[in-house]
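The next block holds one structure in the form of structure tokens; read it before the comments.
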Amino acid sequence: MCDLLRINTNRGVMIGDGKQRFSKNGTPINQFLGTSTFSEYTVIHEGCLAKIDPSAPVDKVCILSCGVSSGARISGASRIFGVDLNPKRLEEAKNFGVNEFVNPRDHIKPVQEIIAEMTNGGVDRSLECTGNINLIISAFECVYDGWGVAVLVGVPSTDAIFKTNPFNFLDERTLKGTFFRNYKPRTDLPSVVDMYMNKVFKSSVGDFNECLLITFQQKLEVEKLLIDFNE
């Protein structure tokens, strides 16, 4: 990850001078992750800018994020387990490639033991997307000995403590984290947009709107802000 532009959830200012570019009635407004992509206009470091196909619909591709880049189905996984306490999410999960569903409330044993039994030892890869420390532990303990890798996608609490039997590491399980699936935004994001334009998403993860969780669109009237564009 780039040392200069690495993700810092506490940084709300420009890297060059440590100042904001947004203000309202004279009050400075910080930028989320240094980009503030939910605003209609923004000022960003040039390293955060990616050139994409100009014919791509910006109302769709503007919300491309780690939810798309971390897709298991796109990566070629065959058995994809979804774990959730809400059974109603199963049908929606199928749009993302989930073909087996586990509800921890349906079992007495810990969910990692259930998955290990269903897979004869564990999964090759697991992704934890909530940041809940107990689920992070479950995700790690459900991967296969020798080559299983658990990937932390959700952002845990800063005071969360990870606890597991040290032998889980000696058995050559791996725990790692990721921001944006280790994508290089300036080069990899344009390729994701190209996948959409070439209908790759439709064949691999369903309709693009479903892939991005776009359920409806509504035009909003928003208050215009005075933005200082001085670098």
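No lab work stands behind these numbers, since they all come straight from the coordinates. Being a predicted model, the structure only gives us computed values, none of them experimental. Note: ideal-geometry Cβ built from the backbone for every residue, glycine included; neighbour counts use all protein chains shown.
Of note:
- Interchain or long-range residues, amide H under 5 Å from residue 126's placed H: 149, 150, 151
- Prolate/oblate/rounded label for region 71-177 (Cα gyration tensor, a/c 1.5): rounded
- Fully extending the segment from residue 159 to residue 92 would add 20.9 nm, taking 0.36 nm per residue of separation and subtracting the current Cα-Cα distance.
- By average C-beta atoms within 10 angstrom, highest first, the peptides 159-172, 49-62, 112-125, 186-199: 112-125, 186-199, 49-62, 159-172
- Residue exposure proxy: 129, 142, ordered by other Cβ atoms within 10 angstrom of their Cβ from fewest to most, comes out as 129, 142.
- Cβ-Cβ FRET estimate between residue 178 and residue 60, R0 fixed at 30 Å, reported to 0.05: 0.80
- When each of 81, 140 is scored by the number of other beta-carbon atoms lying within 10 Å, the sequence from fewest to most is 81, 140.
- Taking other C-beta atoms within 10 Å as the exposure proxy, 105, 173 rank 105, 173 from fewest upward.
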